[in-house]
Each structure stands twice: as C-alpha cells, then as structure tokens.
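These notes are about the structure you will find just below.
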Amino acid sequence: MFDSFGSFHPQVVHFAIVLSMVGVVFRLLSLTGRIAVAGPAASVLLLIGVAAVAAAAKSGIDAHGPVERVPGSRDAVVEHEEWGLRAKNVLLGVAALEILALFLARRGKARPAHILSSAVGLVGLFFLYEAAEHGGELVYSYAGGVGIRSGEPEDVGRLLLAGLYHQAQLDRKEGRSAEASRLIEEMARRFPDQFDVQLLSAESALLDAKDAEGTLAALDRIAVPQDSRRLVLRHGTLRADALVQAGRAQEAKSLLEELLTRYPDSTALKEKLSSLPGAR
C-alpha cells in the first residue's frame, strides 16, 4: 500500500537515529584527544548516519500518503515530516563539515571543523529526537502505518480487530455495556473462525448482557482445541462463571474440580474454586 521505498521506513529510521547519535558522541570524544580511534570512527559513523537520515526522510515521504488520509491524522503526519526534514538538512550540514575536515586534516587544521561539526551535530540530534518523538506519537496514538504497511488484507483485518477489541474494553470500563456488546458482536461476525474472538463473544454475553444461559449456549457451540491448555482453561473458567451466575454453583464446582484434576498445578483454578459461593 505504501509507495516504493515507504514500506522500509520503520527499518531505515532506526539506523538513522543510532548511527547519527553514536557518530556525534564519538565526535565529541574525539575533541578530548584521549581516544585515537574516536575521530575516524566519528567521520565514518556520521557520513553513514547522514545517508541513513536522507533515506529515512525519503521513505517517510513515500509512506505518508495512506497514513495522512486517515481522518484526524494529517496534522500529526505533517509535524513528524517537518521535524524529519529539519533533522535531515542539519545533518547534511554535519556531513559537509566532516568532508571539509577530511581535506583540512592534510594541513593539520581540521579541529575547527570538528568543533563546528559537534555543535551542529547536537542541534541535529535534537531535531532527530523531535522527529522520532512525533513519529512515535503518530504510530502509537494515531495507528499511523499500522496494518497497512505491507498492503496485505490480513494486516488490515488485524488492525480492525485490535481497534474493535480496545474500544469494546473501553466502553465496558466506562459503563457502556450495550456499545461494548455491539462491537464484540461485530468482531464475532467478521472473524467467525478465530477461537479467541468467539470466546470474547461468549464472555460479552455474560459480562455485558448478563445472560448466563446465553453464554452457556455459546460455549456449547465452540469446539475447544484440547491440546491448548490456555484455551481449555479459559473456556472452562468462563463456563464456571456462567454457571455461578445462573445459580448452578455446584455444577461450577464439579467442572473446576475436573479441570484441576487435569491441571493440578494451576493456581488460577485453585483460586477460582476457593472463591465459589459456599466454598470453605
């Protein structure tokens, strides 16, 4: 879905940040004159780092189209892009100073260029930090690029599933049970083959609709993969909760004891069993 180089932006940008940061640190260390290798290392790291920054800027521009078309995300995309271009321009200046220093070194006059490179490099790191900070906000607060970078429909589906799940949890937390139930029903409709989603749907009937019998009926329709301890336990404990809510605590106790025989090391089962109404 991203254009040309855009899909590589997440990989390239990390090289740009690390190489530039370490390069500036080595250049500062080289000014002390105590570490002989610091000067040559700084030159190599900074030149490669600036090339990576330029590649990151290019890949970011290629990637921004689909991201900024998401409603509400355009301003965040533009701000991230502006900081990235500022960082690129400043660090290109650092590269120019490093190249100048290589020529001046033949005359023994490279130190002023190195000092200036250090100062400009620190400014560049600030701009790079701001670009990275805004990039992180774009990804984690606006889902920028999440689910669409590969262009695969399955990734978009996972993005939708994550959005529905988190919004349903938020609705439930804030007391909007009907809205939470509706979103989980949509998840179950769109992803009928996902076991976890079907369990969430049964759980929603219990937590949001307070329909214990409906939960039990939904659980009866789910074929539990018996080779998965996690899913067997989740299915069983959810059934126990529904039985308790339906006033059938003794059946819940028998079910949990059966599961505990199968998984005697399960602390969660022991705690749930001890919390049953009437448990001693």
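The values are calculated or read from the model by the stated rules, or taken from the named source; none is laboratory data. Just so it is clear, the structure is predicted and the values come from calculations on it, not from any experiment. Cβ atoms come from the backbone with ideal geometry, glycine included; neighbour counts cover every protein chain shown.
Selection of the range 135-150 for residues being assigned to a helix (DSSP H, G or I) and surrounded by fewer than 19 Cβ atoms within 10 Å (Cβ to Cβ) yields G136, E137, V139, Y140, S141. Taking (1) surrounded by fewer than 19 Cβ atoms within 10 Å (Cβ to Cβ); (2) under 21 Å from the mean Cα position of the chain (by Cα); (3) more than 21 Å from I17 (Cα to Cα) in turn, L100 satisfies each apart from (2). Would you mind stating whether G65 is in contact with a Gly (Cβ under 9 Å, 6 or more places away or on another chain), surrounded by 14 or more Cβ atoms within 10 Å (Cβ to Cβ) and in contact (Cβ under 8 Å) with a residue 40 or more places away in the chain? Taking the combined requirement at face value, the residue does not satisfy it.
Within the range 247-272, residues that are more than 15 Å from R230 (Cα to Cα) reach partners that are in a helix (DSSP H, G or I) and among the β-branched types (V, I, T) with beta carbons closer than 8 Å, at six or more positions or on different chains, in the pairs A252/V244; K272/T237.
Exactly one residue out of S117, S73 is of a type in the set (S, T, Y) and closer than 23 Å to T32 by Cβ: that is S117. Here V37 passes the criteria (1) surrounded by fewer than 16 Cβ atoms within 10 Å (Cβ to Cβ); (2) under 18 Å from G136 (Cα atoms) except the one numbered (2). The condition of being surrounded by 16 or more Cβ atoms within 10 Å (Cβ to Cβ), more than 23 Å from the chain's Cα centre (by Cα) and not polar (S, T, N, Q) holds for only one of A76, A42, A57, that being A42. How many residues does the range 217-244 hold that are closer than 23 Å to S266 by Cα, surrounded by 16 or more Cβ atoms within 10 Å (Cβ to Cβ) and either under 29 Å from the mean Cα position of the chain (by Cα) or not β-branched (V, I, T) (or both)? Matching residues across the range 217-244 total 13. Checking each residue in the range 151-160 for being at pLDDT 80 or above and either among the aliphatic types (A, V, I, L, M) or in a loop (DSSP other than H, G, I, E, B) (or both) picks out E152, V156, L159, L160. Scanning the range 151-197 for residues that are more than 24 Å from the chain's Cα centre (by Cα), small (G, A, S) and either within 22 Å of Y140 (Cβ to Cβ) or surrounded by 15 or more Cβ atoms within 10 Å (Cβ to Cβ) (or both) yields S177, S181.
For the range 253-280, which positions are at pLDDT 90 or above, surrounded by 10 or more Cβ atoms within 10 Å (Cβ to Cβ) and in a loop (DSSP other than H, G, I, E, B)? Within the range 253-280, Y263, S266 qualify. Once the range 207-216 is narrowed to residues that are among the hydrophobic types (A, V, I, L, M, F, W, C) and within 33 Å of the chain's Cα centre (by Cα), the residue that is surrounded by the fewest Cβ atoms within 10 Å (Cβ to Cβ) is A209. For beta carbons closer than 9 Å, sequence separation of 6+ or different chains, a first residue in the range 29-50 that is free of Cβ contacts under 8 Å to residues at least 40 places away in the same chain and a second that is exposed (fewer than 14 other Cβ atoms within 10 Å of the Cβ) and among the polar types (S, T, N, Q), the qualifying pairs are A38/T32. With respect to V197, is the statement that it is among the β-branched types (V, I, T), in contact with a helix residue (DSSP H, G or I) (Cβ under 8 Å, 6 or more places away or on another chain), assigned to a helix (DSSP H, G or I) and under 30 Å from E82 (Cβ atoms) true? The answer is no for V197. Residue pairs whose Cβ atoms lie under 9 Å apart, sitting 6 or more positions apart in sequence or on different chains, and linking a residue in the range 136-158 that is at positive phi to a partner that is part of a loop (DSSP other than H, G, I, E, B) and surrounded by 15 or more Cβ atoms within 10 Å (Cβ to Cβ), are A143/V70; A143/S73; G145/F2; G151/M1; G151/F2. The condition of being within 18 Å of G6 (Cβ to Cβ) and outside any helix (DSSP H, G or I) holds for only one of V53, V70, that being V70.
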